[in-house]
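The structure under discussion appears below in the form of structure tokens.
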Amino acid sequence: MYQILDGKKVSQRVKDELKETVASLKMKGTDPGLAVIIVGNDSASRVYVNNKKKACEYIGIRSEEYALPEETTQEELLNLVYELNNRKDIHGILCQLPLPKHINEETILNSIDPAKDVDAFHPVNVGKIMIGDFDFLPCTPAGVMDLIAESGIDLTGKECVVVGRSNIVGKPQAMLLLHKNATVTICHSKTKDLKEVCKRADVLVVAVGRAKMINADYIKEGAVVIDVGMDRDENGKLCGDVDFDSACTKASYITPVPGGVGPMTIATLMRNAVTAAIKQSAQ
Ligand code: GUN
């Protein structure tokens, strides 16, 4: 029998804590501000940005949206980032990805002041995560860690398998698990015997972007299964990288899609925005 790891519930708890923190920050004269940049008309990005803004509103973080047209030049975007870097009342800057093809994502992410980089995408923050001494949490991986903690599993010495090696999820996820003393394997499209490797996992984190790719055949009896995917099935219905109905026959704990990792990503982003405001107000 499996149990659901409820991201809506856990993220609500995080947001309620942050709401109290922000209220006390405001009493001491700090008013946390987050700039949210979105370029072009990607419909998924629009949904994510709206959800981020809603979370800001709930917690009491001032959010400023910069919705720029598709044809915005790289120089124009860089100028906006520089302006926001220099503003004392903006503590966090987030540039929603993907950016239009004519803009170099790396150039833009590297231009954000690391102290305001609430996504933790800047190489300085990525490096700090690698070392294990970091200010900003990688949003999705840290949200996954909160959900794993909810299962009550002690990660020390456990076999953890991460499927996917992206800079946003797979790689930082592996680092966070390693910091908790897990034995970590990262799998990717060239991995041989993926099924066999996954079956070793006490904790399986899947972030590949392929609808229902992982079923019960990949899962050890009693494993904790975390699905980072946000895909569409053959009927256009939202689903994850894990085939839930199959995987839940083996898992002890499993995340649903939607309502699993997604809300946790936003909760971590909010945590980072509050951290940024606290650190900058202390200077
Ligand atoms: N696009 C997909 N995921 C993310 C994320 O976590 N942050 C940003 N800024 N863009 C994204």
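Bear in mind that the values in this text are calculations on the coordinates, not laboratory data. As the structure is a computational prediction, the values presented were derived from the model and not from experiment. Virtual Cβ from ideal backbone geometry, glycine too; neighbours counted across all protein chains shown.
Remark: the GLU17-THR156 segment gains 47.3 nm on full extension, using 0.36 nm per residue and subtracting the alpha carbon distance. Net charge in the neighbourhood of VAL126 (other residues with Cβ under 11 Å of its Cβ; Lys, Arg +1, Asp, Glu -1) is 0. With 5 Å bins beginning at zero, the pair-distance distribution over Cα atoms of the range 89-134 amounts to 5, 23, 28, 22, 16, 6, 2 %.
Along its first, second and third principal axes, ordered by size, the range 1-127 spans 46, 46, 30 Å in Cα coordinates.
3J(HN,Hα) along the range 65-75: 9, 10, 9, 9, x, 3, 7, 3, 7, 4, 5 Hz, from the Karplus curve 6.51 cos²θ - 1.76 cosθ + 1.60 with θ = phi - 60°, whole Hz, x for Gly and Pro. Across all directions, the average projected area of the convex hull around the alpha carbons of the chain is 14.8 nm².
On the basis of the beta-carbon distance and an R0 of 22 Å, ALA44 and ASN167 show a calculated FRET efficiency of 0.75.
When every Cα-Cα distance of the range 91-202 is counted in 5 angstrom steps from zero, the calculated P(r) takes the values 2, 11, 19, 21, 18, 13, 10, 5, 1, 0 percent.
Couplings 3J(HN,Hα) of the range 266-275, computed from phi: 5, 4, 5, 4, 5, 4, 5, 5, 5, 4 Hz, in residue order, whole Hz [Karplus 6.51 cos²θ - 1.76 cosθ + 1.60, θ = phi - 60°; x for Gly and Pro]. As a proxy for reagent exposure, HIS122, HIS179, HIS188 were ordered by neighbouring Cβ count within 10 angstrom, fewest first; the result is HIS188, HIS179, HIS122.
The P(r) of the range 145-283 has a tail past 23 Å containing 33 percent of all C-alpha pairs.
Once the chain from TYR82 to MET130 is taken as fully extended at 0.36 nm per residue, the excess over their C-alpha distance is 14.6 nm.
For ALA201, the shell of other residues with beta-carbons less than 9 Å away shows a net charge of +2, using +1 for Lys and Arg and -1 for Asp and Glu.
Once the Cβ-Cβ distance of HIS102 and THR183 is raised to the sixth power relative to R0 = 30 Å, the FRET efficiency obtained is 0.10.
For the range 34-64 versus the range 179-251, the inter-centroid distance based on Cα atoms is 29 Å.
Placing unit charges on the Cβ atoms of the charged side chains and taking the dipole of the range 107-262 about its Cα centre, the candidate lying farthest along the positive direction among VAL261, THR183, VAL203 is THR183.
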